[in-house]
Each structure stands twice: as structure tokens, then as C-alpha cells.
Amino acid sequence: MVQYITDLSKISKLSSEEKEELKEVTEQYSFKANSYYLSLINWSDPDDPIRRLVIPSQDELIDWGELDPSNEEKYTVLRGMQHKYNSTVLLLVSNDCGGICRYCFRKRIFMREQIESVEDYQKAVDYIKAHKEISNVLLTGGDPLIRSTEWLTEIISKLREIEHVKIIRIGSKMVAFNPYRIIEDKALLEMINKYSKPGRRIYIMTHFTHPRELSETAVRAVNLLREVGAVLSNQNPMIKGINSDADTLAGLFQKLSYCGIPPYYVFQCRPSLGNKGYSIPVEEGLNIFEKACARVSGLAKRAVYVMSHSTGKIQVLGRDDEFIYFKYRRAYRDEDSNKFIKARRNKDAYWFDDFEFVQE
């Protein structure tokens, strides 16, 4: 049985010195892992990428970033409900996860006593009913699959009663963090089978960040989800020391494609509080992304490199000797959608706002 761990002192593989050094980090940023995910770590390697993903680091104490770098508060129409793009609503349905990624861009929900998840689900459903332009509902958090299947069935059944909602997306790292959540819950698979139908699919947005997360157990969970009619796509951030080299990122793309999971988005790490040690500059990230894509087949390189900026989803297109080029894949303002943007190159830029833009 998978056991969840929220006290770093309970991890026997860490030395007493390491535990003492990391106390200051865990006093500021929450820690959570589980016995399955910890078993993937090569503890003899201090730079093991799985370890880096979930075990705290002194890097998190660097004073850098902000709690809401993409200004999600601006688009919050009800507590826990964001409506940034016309056709898509985002519901924060959980304040918990199967583990806490050290580079989490919503770490504010693990730091504050204030709860940000949806409080009144009927109000949320009524809002969606009243806005017929909404065809996509994304359940996120936290992690929706940390919630009970009974609870998930209740909210998904209500959403399926709304005719104009065609896609329900579940954004979850649980397939990587604890695939037994899927393997051992027949009711979850039956629920997905019931509500994922031709023309109105349930999408599972997996969050595999490193190829070693695609263990035999995780792939078994992936296959079960596919068999009951879920459509899978993967999105992951580019994180320093985890997948910030072309070989590793290409390996992730390949392994995903072998499992039948299309790579969807590779995100620039958001400049959240404590994330300096996990971030790399945009131009460096683009270089890694392009090299990784050059090493894999077409089916493995369907991802695009993007930033989830406050103004929209911005794709990093390319650069020449002097300029770097961007495009809005989706913008808050409809008139900005597909807008092409030119900026002067800046090797020290970690985010869209760090560039100097050129008007033509």
C-alpha cells in the first residue's frame, strides 16, 4: 500500500545532517511525497532527477519570484474558478497532491491557510451553464485524482449534463506520483468509461517530467486509462537539473510516444517564489527544446515550447542573431490571438516580461 509522507524526518535515506539543513526550507514550503515515488530515486546519486523533483533544496530559499506569477487572481470569477479564455474554464478542485513538486507554480495553495479551491460547486456549474461559449472544463488544483472517486463522479456527472461542455480535462500528476490510484480503483475506471464518449471525451493531462517516471507501473495505469476511453496528452515544465538537457527531454518525448501519449506543452518554468534554482533562461530553454525535437520522430515532437503568461499562452518560436520571436497561441484578448511578437535577444531573460519588445 502506498503511504504518504509529509515529514522529511521520516525519510530514512536522508542523513540527519540533510534533514537538519532542510528544516528551514520545509518551514517555508510544504513537503509531501509517497513511498512509491520515493522508490524511483537512486539515493546514491545526490543529483538524481527524481530526488530533485520532490526532495526540498536550499535553492528554494533564494529570494526570487512571486506567489502568483501568471496573475491567476485576475481571472478568478468565483473562488477556485478561473475563466481566462472564452471556451475554457479552470476549476481548482483540490488543495492537495500526491506529492509536491519543488518547482510548483501554485505553491501558494500549500503555504496559506486560505483555501483557493472551489467552494460552491453548484454556483460553478450554474456559471458554466450560463456561458454557452464554454466547451472545455479543466479540473486542476492541486490534483483532482487525490479526491475520492465518489466526489469526482458527482462533479463530472453534473458537467456532462451541460450540452455545450464537450471536453472535460483532468490535469493530474498522479499517474506519475502514484499510478496505483488508477490501477487499484475499478470505480474510477468505470466512471471514466461512462462519461468519456465519442464526441465528448475526458482528457487526462498527464504530468510526466522525466522519462524514469514512466515506470512499468505507470505505463500500466496509462494503458488502463486508454482502454476505458480517456484521451491522454502530456505537459511538463522544463526544470533545471531534471530535464534541462536535450538527451533527457528527447528521451521523455520518445517514451511518451511509445506509450501513445502525445507530448503537448513544454512550459518555461514560471517565476514563482522559490523557483530560481529550478529555472533556466528562455533562450537556453529554446535551444534545449529544439535539440531534443531534432532527435526524435514526428510523433514524438508534437509539443510546443510555451509560457503561461498573465496575458495568454505564448509560444517561443525561434530566434536569429539579434531577435527572438514569440506568438500567442491563446490570448486573454481575442484580438491578440496568433499575434506575432518580436523582441531583442536577452540571454538572461527568464520570463516574457524580461525582454525588450520591438514595434514594427
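Below are the figures for this structure:
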read-out	value
L138 being out of contact with any His (no Cβ under 7 Å at 6 or more places or on another chain), touching a residue at least 40 places away in the same chain (Cβ under 8 Å) and outside any loop (DSSP other than H, G, I, E, B)	yes
Strands (runs of 3 or more DSSP E) contained in the stretch 295-346 and holding at least 3 residues modelled with pLDDT of 95 or more, under 17 Å from Y265 (Cα atoms) and not aliphatic (A, V, I, L, M)	304-309, 312-319, 323-331
Failed condition for A187, given (1) farther than 18 Å from G98 by Cα; (2) among the aliphatic types (A, V, I, L, M); (3) touching a Pro at 6+ places or on another chain (Cβ under 9 Å)	(3)
Residue check for R181: in a helix (DSSP H, G or I) and basic (K, R)	yes
Test: residue in the stretch 251-258 that is in a strand (DSSP E or B), of a type in the set (F, W, Y) and touching a strand residue (DSSP E or B) at 6+ places or on another chain (Cβ under 7 Å)	no
Helices (runs of 4 or more DSSP H) lying entirely in the stretch 10-123 (those with 1 or more residues that are of a type outside the set (V, I, T) and surrounded by fewer than 20 Cβ atoms within 10 Å (Cβ to Cβ))	16-21, 23-28, 35-38, 108-111
Residues being without any contact (Cβ under 8 Å) to a residue 60 or more places away in the chain and either touching a helix residue (DSSP H, G or I) at 6+ places or on another chain (Cβ under 6 Å) or surrounded by 21 or more Cβ atoms within 10 Å (Cβ to Cβ) (or both) - total across the stretch 175-184	3
Residue among V93, V77 that is within 17 Å of E119 (Cβ to Cβ) and in contact with a Gly (Cβ under 9 Å, 6 or more places away or on another chain)	V93
Every pair of residues 6+ apart whose Cβ atoms lie under 9 Å, when the first sits in the stretch 24-47 and is closer than 19 Å to G142 by Cα and free of Cβ contacts under 8 Å to residues at least 40 places away in the same chain while the second is charged (D, E, K, R) and assigned to a loop (DSSP other than H, G, I, E, B)	T26/D7
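The values are calculated or read from the model by the stated rules, or taken from the named source; none is laboratory data. Keep in mind it's a predicted model, so treat the numbers as computed, not measured. Backbone-built Cβ (ideal geometry, glycine too); neighbour counts: all protein chains shown.
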